[in-house]
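Comments concern the structure below.
The values are calculated or read from the model by the stated rules, or taken from the named source; none is laboratory data. The shown structure was predicted, so the numbers you read here are calculated from the model rather than taken from an experiment. Counting neighbours? That spans all protein chains shown, and the Cβs are built from the backbone with ideal geometry, glycine included.
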Amino acid sequence: MRHSWRLLLFRNCSRSSLRGPAYPSHYRFQVHSSCPSLRYFCSLRTPSLQVHFADPKNPINSKIPIARYFSSEPLVEPKKDTDHCFLVYDIFTKFTDINDITKELELNSVVINHELVLKVLKSLESSPDVAQRFFDWVLEKDSERLSSRAYNLMLGILGVNGPVEQFWALVETMKKKGYGVSKGARDKVVEKFEKEGLRSDLEKMKALFATGSVDNSVEKIGLRVSRIVRNQVWGEDVEQQINDLNVAFSSNLVKIVLENLGMEPIKALIFFRWVEDSGLYKHDERSYNAMAMVLGREDCIDRFWKVVDEMRSNGYEMEEEIYVKVLARFVKRKMIKEAVDLYEFAMGGTNKPSVQCCTFLLKKIVVGKEFDMNLFSRVVRIFIGNDYALTDSMLNAVLKSLTTVGRFGECNKVLKEMKEGGFVASGNLQRKIVFRLSCAGNKDKVSEFVDHMEASGSNLDYKAWTSLIEGHCASGDLENASDCFQKLIEKEGVSNAIYAFESLVNAYCYKNRAIDACKLLHGYVFHNQLAPRHTTYKGLINKLLVQDGFADALNLLDLMKNHGFPPFVDPFIKHVTKSGTGDDAVAFMKSMTSKKFPSTSVVLRLFKAFFKAGRHAEAQDFLSKCPCYIRNHADVLNLFCSMKSGKNTASAAVVV
């Protein structure tokens, strides 16, 4: 049978894909019964791009829908265009940077659709600079919004009010796109050329229209072919019309046709097969890639794989640009398995994806609706199977993605899989992981991680143990924090435990268990020769004095002296003079020095603090218990005399 591939193409289409509810009846291809070889397409339905635009009657008093992006969705709440036309004009007048413009449009919830493009250009006829800025912005952001009509509006603006050079540059651009110069634009420009005496430009314009306004470039021919295919039912008549063009098909021409048929993949595939089957063209790498780009979508996935496998068997490779675009499309549409299949296909060729592509896929897999570990393992095996090595940065990126979806507890699965690929996390990553796991209270996950690291021959260092203890402390799990601290001392020694111990002490104090922390400190100091940091002592003393641990705090002063730290007197003076007794003051004085009693200057400081707090009786009691050299000291006597005389003077004043 002639063109037997068509029958195979039809047979490969499942009944559900051809007649499913996803494609309404108004998308149906109709095939003339006069073309027997294509009668089987009579029931074929395929989607086409249906873009809903606002339909305002006037660019000044009508509204458009509001969105934060280019939209082809149905309009739910149509509004007038007035505000948005003026708003767009204002934004493109004030700002020149593309990022600033984009940000302002998003902040004002402005959607740029085809209708608004036309209305804005009409309103900017007298402002060519602003119009050019707007036109260039739309061209970069979404060139599909620029139709032949939009190009002609811009052409009219440049022809009447803009530089002549820009006008002709745009004409050349339109030629390449297959767009002609409209009669309206021509008449405006001709009038301007005649008025300003631009005879050479006037002759050039006449010559342009004498040749049909556009040349027979490959872009123009490709546009003609794609229009024939797109706008008519495929049949012998369509084939004849294409043949009547009498063109020599090249890879560039076929690529242009396929790109223009991108929204109708079945018609694109029919043309792709027909042009080679008819002997008009032998497909090469460019045309195969163009076809793959068109078919890389969920409703054509079987045909896509058939074409790319055929491409590989013919010795051609998928271009990097095509791979990136199709992969992004698969991921955007949650087709993660297909994305992994494509990655494996590309890694099997000569144009291998970058390392970043592997990281990208791993991140997308772990944040999927369900964490598919099989897909994760496939990507890792494909990656290392091509002589690549897993790195810390890759694991860090995956861990961040796990965090965003609340799955950090799954990190052990990730680590296990990467370990099989020869990867071992660095000390820095180990610290991050154990802290996160312990901070979340995942005891089992923590144990699993520690076991995993020991099994891989990479035991946790003292910094990782410190992070583990800090995580337990942050979660309030003092029991596990204490157990881990004991293991740290056993594995790394007390010299590497002082920072972890400070975290442990602070956690006990935070739980109002400063006295227990003090006992813990004494135990490790006497039994393990631990030497706490100065800040550890100071912090614990402050908490003990607040939590009724005056005696325990005094005991710490002796330990501080033994470890070479100066006495920490300020919190004691504040505590004793505010709520202590004379006996407390004596006990403090004896504890802070190795001598029988501290110097007179320290005692004077305590007396002054008592008087400042208004506790004269306690000051007198303390004085009575001080040694004779303190009681008889001139400065002490003068201080008490001045306090007594001041008190008497105040009393006398009250009597008078």
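Quick notes on this one:
- D129 among the charged types (D, E, K, R), under 36 Å from the mean Cα position of the chain (by Cα) and in a helix (DSSP H, G or I): yes
- Check on D142, under 40 Å from the mean Cα position of the chain (by Cα) and free of Cβ contacts under 8 Å to residues at least 12 places away in the same chain: no
- Enumeration of residues in the range 444-483 that are farther than 14 Å from K432 by Cβ and not in a helix (DSSP H, G or I): S456, G457, S458, N459, G476, D477
- Test: residue in the range 395-410 that is hydrophobic (A, V, I, L, M, F, W, C), at pLDDT below 95 and in a loop (DSSP other than H, G, I, E, B): yes
- Residues of the range 308-335 satisfying the condition of being within 16 Å of Q356 (Cα to Cα) and over 31 Å from the mean Cα position of the chain (by Cα): none
- One residue from G235, G180 being modelled with pLDDT of 85 or more and surrounded by 16 or more Cβ atoms within 10 Å (Cβ to Cβ): G235
- Failed condition for K463, given (1) surrounded by 18 or more Cβ atoms within 10 Å (Cβ to Cβ); (2) in contact with a Lys or Arg (Cβ under 7 Å, 6 or more places away or on another chain): (1)
- E285 meets each of the listed conditions (1) more than 33 Å from the chain's Cα centre (by Cα); (2) charged (D, E, K, R); (3) surrounded by fewer than 17 Cβ atoms within 10 Å (Cβ to Cβ); (4) over 20 Å from G349 (Cα atoms) apart from (4).
- Contacts under 8 angstrom Cβ, first residue in the range 357-382 being farther than 15 Å from K413 by Cα, partner among the acidic types (D, E), 6 or more apart: I382/E344
- Helices (runs of 4 or more DSSP H) (entirely within the range 241-303) containing at least 2 residues that are over 19 Å from E219 (Cα atoms) and free of Cβ contacts under 8 Å to residues at least 60 places away in the same chain: 285-295
- Leading residue by the ranking (nearest to the chain's Cα centre (by Cα)) among those in the range 589-629 that are β-branched (V, I, T) and over 18 Å from K578 (Cβ atoms): T593
A quick yes/no check of all residues on (1) surrounded by fewer than 23 Cβ atoms within 10 Å (Cβ to Cβ); (2) within 30 Å of the chain's Cα centre (by Cα):
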position: L437; (1), (2): no, yes
position: D451; (1), (2): yes, no
position: D477; (1), (2): yes, no
position: V505; (1), (2): no, no
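- If only residues of the range 553-598 that are assigned to a helix (DSSP H, G or I), touching a His at 6+ places or on another chain (Cβ under 9 Å) and not hydrophobic (A, V, I, L, M, F, W, C) are counted, the one that is surrounded by the fewest Cβ atoms within 10 Å (Cβ to Cβ) is N555.
- Number of the condition not met by A425 [criteria: (1) assigned to a helix (DSSP H, G or I); (2) at pLDDT below 90; (3) buried (at least 22 other Cβ atoms within 10 Å of the Cβ)]: (1)
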